[in-house]
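Engineer: Encoded as structure tokens, here's the structure I'll be asking about.
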Number of protein chains: 2
Amino acid sequence: MVLKVVQCEANVRPNVRLSTYKEPITTKKITIKEVAAHAGVSYQTVSKVLNRQMQVSKETEQRILNAVRELGYRPNQIARNMRANRSHMIGYSWVPTAPNQANHILDQFLSSMVLEAEAAGYHLLPFPFREGERLVAAYRELIDTGRVDGFVLSSVNYNDPRITFLLERKFPFVAFGRSNPEVDCPYVDIDGADGLCQAMRHLISNGHKQIAAIAWPEDSRVGNDRIRGYFESMLEHKLDIRSGWIERGEGTFEFGREAASRLFRLPAPERPTAIVALNDTQAIGALHAAREHGLEVGRDIAVIGFDDAPMSQYLLPPITTVRQPIREAGRKCVEILVALMKGDQPQEQQVLLQPELIVRTSA
Amino acid sequence: MVLKVVQCEANVRPNVRLSTYKEPITTKKITIKEVAAHAGVSYQTVSKVLNRQMQVSKETEQRILNAVRELGYRPNQIARNMRANRSHMIGYSWVPTAPNQANHILDQFLSSMVLEAEAAGYHLLPFPFREGERLVAAYRELIDTGRVDGFVLSSVNYNDPRITFLLERKFPFVAFGRSNPEVDCPYVDIDGADGLCQAMRHLISNGHKQIAAIAWPEDSRVGNDRIRGYFESMLEHKLDIRSGWIERGEGTFEFGREAASRLFRLPAPERPTAIVALNDTQAIGALHAAREHGLEVGRDIAVIGFDDAPMSQYLLPPITTVRQPIREAGRKCVEILVALMKGDQPQEQQVLLQPELIVRTSA
């Protein structure tokens, strides 16, 4: 059956009328003077009553509040912040991902922070992440121009100059991620070591003894946290670690593929039966290497990733991986920061969240 | 060779000292009164000179500017905005992606807007996307409280009540994506029809005549724009379109898989030799369906996606897809909006950007 189409035009929808939108539209901004005229008082009185700087009779107050409601008057938030010497803004900056790479967490992290902040009367102010000497300058500029009341730091690593600066400046911030162990500052982090321990327990309980790791360079704080779970698990289960089993390199597809290829070329008795990778991108590289070596992942070799990148569920085979509670981390960062900005003592200032192993067919 | 490790501790780095950070740290904020005392003038003079509201002798001006520089004084940006009745903020809201799905564009779109805005003296203010009746309220609230000077709209569709509201309110905005064809408003969009035309040209030049499409529901403006390229190409090349070749449903992996399965079950003479999908997630579903039907993608059946999701390059086979110029779109949105907020006439207010076909092995 052949359909002769003019369907091409189906999408033009000439009869669609704009807007089923019914709400009355205020086309101009109501001023305090209009409220005053409506309530029959001076605008100074309206201002003072709304700012609780003056007591008037119950009746007058009611008249003013009615006028505010009826006219839809909203006091200017910037003016209010100005008087309170507050911006009610939270600065946030992140390292942009390379164009052909995915940022698996930004949407969830940002959405949860934006929601939590709004509920507390704050907004986020994202600003560009600068490398090197200009890194700290961007933070100082925002403080000195009064644009933010606090920061959430991302991409925290060892010797983070932002942390030194903000601690000395006594300016409120929360780090998403830990820095050096001796640094005492508010943070929210995800327990990467625990994530690897969960992955290792899963492998070991399935009989694996020869387990290799595709890790990150030694100057990565996050990488070192995760790989610690590998070492601790191997030692705890009294399994030997061959030096050739620890591959360290970038968290890329290419490195994952090369590293796994080297592991597959080890002489049979030394060859690992399972691989843990510190992110899904490396794990996907290992999947490709396995195919190139004629190995079926999930049967001949087990592979576990980290991140639960959304695509991991659609790969063949779907990847067993570690999922991070990103939304909870975003919420917690803002919750602690809001307390700090208000000068309160947060209930807990250092929060370590537990990730969760998602078992699929790659291991 | 077995390595007896104590490597477990390699990451603790007890000797790492915090901070190689050398820049002098200003621990307190400099006030205008301190600048005045340092320069030997009244603070009113400093204020008026810095705001160009008063002329003083060259020598006094120099003394004030020296004091500003030496002490590191920065005028409060909020106070300046307040005087100018400007927030220098751009409101932006997006539909958060479902937890197990990827947002392929947020990082690039947001990063490019944040950079472009900063260069023009603006910051972004992200706020939660509300559904239904509360959608417009969030925009009104930000205008009425003076928090933003303009908006970039995402997830624009037919009959978008935000557009009606902002046009009536005469408040500056740029839509990322078009609404109904009859709506005349500033927008930046990516030419989805052109993307599909490029995909179709590639297939047709490779000899394909029986081409099916996995499309989106008819109420999707973006979906209708993209699928138009399919219809136009088929008609232009005088190829018949069988009714069973147009599958419409959600842009999900599951729908992509089901739709492709139906296509593969068509009787041999009616079976398509190629499939175009409106996003990579549907295309990945089609890849899985092909495998289930014993078809090798790239040899027995061609599949093209749309989006160039970062993972698409790592699939087996890597997906041929349409890449969108997201960074350019972000830059353009802010460029046009900044002109509108300043009351200038932007050079062009309606921009359609061309996507690019990325040929890999799936087609």
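Quick note: the coordinates plus some simple rules give every number you see, no bench work behind them. Treat the numbers as computed from the prediction; the structure is a model and nothing was measured. So basically every Cβ, Gly included, is an ideal-geometry build from the backbone, and we count neighbours across all protein chains shown.
Engineer: Please rank A:L337, B:L65, fewest neighbouring Cβ atoms within 10 Å first, as an exposure proxy. Could the numbers behind the result be given before it?
Structural biologist: On the way: A:L337 26, B:L65 15.
Taking fewest neighbouring Cβ atoms as first place, the list is B:L65, A:L337.
Engineer: If you add up the charges near B:P99, with Lys and Arg at +1 and Asp and Glu at -1, over every other residue whose beta carbon is less than 11 angstrom from its beta carbon, what do you get? Before the final figure, lay out each step's value.
Structural biologist: Details: positive: A:R323, A:R327; negative: A:D107, A:D308.
Surrounding charge for B:P99 is 0.
Engineer: In the Gaussian network model of chain B, springs joining C-alpha atoms below 10 Å, which of B:Q62, B:Q101, B:Q349 carries the largest mean-square fluctuation?
Structural biologist: Its mean-square fluctuation being the largest, the pick is B:Q62.
Engineer: ³J(HN,Hα) across the stretch B:340-353 via Karplus (A = 6.51, B = -1.76, C = 1.60, θ = phi - 60°), whole Hz, x for Gly/Pro?
Structural biologist: 4, 5, 7, x, 7, 9, x, 3, 9, 10, 10, 10, 10, 9
Engineer: Can you give the local net charge around A:V174? Use residues other than it whose beta-carbon is closer than 11 angstrom to its beta-carbon, Lys and Arg +1, Asp and Glu -1. Show your work: numbers first, answer last.
Structural biologist: On the way: positive: A:K332; negative: A:D189, A:E335.
Local net charge: -1.
Engineer: Which residue, B:V41, B:V136, B:V95, tops the fluctuation ranking in a GNM of chain B built on C-alpha contacts under 10 Å?
Structural biologist: It is B:V41.
Engineer: Still on this model: So in the protein assembly as shown, what percent of DSSP beta bridges are antiparallel if you round to the nearest 5?
Structural biologist: Values: 8 of 67 bridges.
If we restrict to bridges inside the protein assembly as shown, about 10 percent are antiparallel.
Engineer: Moving to a separate point now. Placing +1 on the Cβ of each Lys and Arg and -1 on the Cβ of each Asp and Glu in the protein assembly as shown, which of B:A363, B:P325, A:P346 has its Cα farthest towards the positive end of the resulting dipole?
Structural biologist: Farthest along the dipole direction, towards plus: A:P346.
Engineer: Counting Lys and Arg as +1 and Asp and Glu as -1, each charge on the Cβ, what is the dipole of the stretch B:192-323 about the Cα centre in debye, to the nearest 20?
Structural biologist: On the way: 15 positive and 18 negative charges, 70 e Å.
Charge dipole of the stretch B:192-323: 340 debye, to the nearest 20.
Engineer: Please work out the C-alpha center-to-center distance from the stretch A:149-177 to the stretch A:308-363 and express it in whole Å.
Structural biologist: Centre-to-centre (Cα) distance: 20 Å.
Engineer: Collect residues whose amide H, placed 1.01 Å from N in the peptide plane, falls under 5 Å from the amide H of A:T97; neighbours closer than 5 in sequence don't count.
Structural biologist: The answer is none.
Engineer: Under a GNM of chain B (C-alpha, springs under 10 Å), which listed residue has the highest mean-square fluctuation: B:P161, B:P75, B:P318?
Structural biologist: Fluctuation is largest for B:P75.
Engineer: A follow-up question, please. Can you pick out the pairs among B:K170/B:K332; A:K58/A:K342; A:K33/A:K342; A:K342/B:K29; A:K170/A:K342 whose Cα atoms lie more than 24 Å from each other?
Structural biologist: Working: B:K170/B:K332 20 Å; A:K58/A:K342 32 Å; A:K33/A:K342 33 Å; A:K342/B:K29 19 Å; A:K170/A:K342 13 Å.
From the list (B:K170/B:K332; A:K58/A:K342; A:K33/A:K342; A:K342/B:K29; A:K170/A:K342), the Cα-Cα distance tops 24 Å for A:K58/A:K342; A:K33/A:K342.
Engineer: Hey, which residue of A has the C-beta nearest the axis mapping A onto B, and what's the distance in Å?
Structural biologist: For chain A, the closest residue to the axis carrying it onto B is A:M311, 2.
Engineer: Taking other Cβ within 10 Å of each residue's Cβ, how do A:R248, B:R265, A:R221 sort, fewest first?
Structural biologist: On the way: A:R248 16, B:R265 11, A:R221 22.
With the sparsest Cβ surroundings first, the list reads B:R265, A:R248, A:R221.
Engineer: Now for a separate question. Only Lys, Arg, Asp and Glu count, each charged at its Cβ (+1, +1, -1, -1), so figure out the dipole size of the protein assembly as shown about its Cα centre, rounded to 20 debye.
Structural biologist: Numbers: 88 positive and 86 negative charges, 403 e Å.
The calculated dipole for the protein assembly as shown is roughly 1940 debye.
Engineer: About the Cα centre, and with charges only on the beta carbon of Lys, Arg (+1) and Asp, Glu (-1), how big is the dipole of chain A? Nearest 20 debye, please. Walk me through the numbers before you get to the answer.
Structural biologist: Details: 44 positive and 43 negative charges, 325 e Å.
Dipole of chain A, to the nearest 20 debye: 1560 debye.
Engineer: Report, for chain A, the % of DSSP beta bridges that are antiparallel, rounded to 5.
Structural biologist: Values: 3 of 33 bridges.
Here the share of antiparallel DSSP bridges comes out near 10 percent.
Engineer: In chain B, with Lys and Arg counted as +1 and Asp and Glu as -1 at Cβ, which of these residues, B:T281, B:A117, B:Q210, has the Cα nearest the positive end of the dipole, that is, farthest along it?
Structural biologist: Checking the options against the dipole of chain B, the answer is B:A117.
Engineer: Among B:F264, B:F151, which comes first, then next, by fewest other beta-carbon atoms within 10 Å? Don't skip to the answer; put the middle values down first.
Structural biologist: Working: B:F264 20, B:F151 24.
The order, fewest Cβ neighbours first, is B:F264, B:F151.
Engineer: If you add up the charges near A:L352, with Lys and Arg at +1 and Asp and Glu at -1, over every other residue whose beta carbon is less than 12 angstrom from its beta carbon, what do you get?
Structural biologist: -4
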